[in-house]
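**Student:** The structure is given below, and queries will be raised subsequently.
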């Protein structure tokens with residue numbers, strides 16, 4: 001993976017000013033950090049350690065223990081593919097294979113161009129639409145491998161078109 005530029009630490013300063021001296025606030029600080037950066041950059045976690053007087057090992061331990069936290073940046077389009085019971089029995093593994101074949105990534109990975117990330121999730125709460133995936137908050141249900149590919153291709157085309165207009 002390429003080396004990322006240093007993070008803008010000013011994004012997390014308001015949170016640190018509020019919570020740095022508050023015992024038990026590490027999870028709230030990490031949640032705000034992820035909200036600001038989209039993930040938990042290592043240089044920001046080191047800054048949090050310094051400002052809160054908390055060992056970096058403790059911060060990384062919390063960040064890696066809870067599934068809500070990401071240590072790597074996610075793509076512009078986050079695909080959350082449901083693996084719940086209803087989706088599983090309705091062949092979500094075929095949808096996963098189609099996405100993997102289409103994008104060349106597995107669960108937890110991001111495409112080289114940074115356009116898509118794939119994340120398998122326990123349940124999206126849309127069982128009547130199974131199998132289902134959500135991309136950037138938009139739900140796509142009653143998927144087939146072909147429908148999943150078409151959705152991804154459509155989003156990719158729209159992203160490229162948007163980049164050309166910018």
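**Student:** Taking the condition of being at pLDDT below 95 and loosely packed, with under 13 Cβ neighbours inside 10 Å, how many residues in region 64-104 meet it?
**Tutor:** Selection size over region 64-104: 5.
**Student:** Give the residue, chosen from 63, 28, 98, that is without any contact (Cβ under 8 Å) to a residue 60 or more places away in the chain, under 15 Å from the mean Cα position of the chain (by Cα) and assigned to a helix (DSSP H, G or I).
**Tutor:** After applying the criteria, what remains is 63.
**Student:** Still on this structure, I have one more. Considering only residues of region 37-60 that are in a loop (DSSP other than H, G, I, E, B) and at pLDDT 95 or above, which is nearest to residue 148 (Cα to Cα)?
**Tutor:** It comes out as 40.
**Student:** Also, I was wondering about something else. Regarding residue 59, is this residue buried (at least 18 other Cβ atoms within 10 Å of the Cβ), over 25 Å from residue 109 (Cα atoms) and touching a helix residue (DSSP H, G or I) at 6+ places or on another chain (Cβ under 6 Å)?
**Tutor:** no
**Student:** Which of the numbered conditions does residue 115 fail, given that it passes all the others? Conditions: (1) closer than 30 Å to residue 9 by Cβ; (2) at pLDDT 95 or above; (3) out of contact with any strand residue (DSSP E or B) (no Cβ under 8 Å at 6 or more places or on another chain); (4) surrounded by fewer than 20 Cβ atoms within 10 Å (Cβ to Cβ).
**Tutor:** So residue 115 meets the others, but not (3).
**Student:** Further question on the same structure: Could you please let me know if residue 34 is in a helix (DSSP H, G or I), at pLDDT below 95 and either touching a helix residue (DSSP H, G or I) at 6+ places or on another chain (Cβ under 6 Å) or closer than 23 Å to residue 123 by Cα (or both)?
**Tutor:** The answer is yes for residue 34.
The values are calculated or read from the model by the stated rules, or taken from the named source; none is laboratory data. From a predicted model like this one, the values you see are computed outputs, not experimental measurements. Note: ideal-geometry Cβ built from the backbone for every residue, glycine included; neighbour counts use all protein chains shown.
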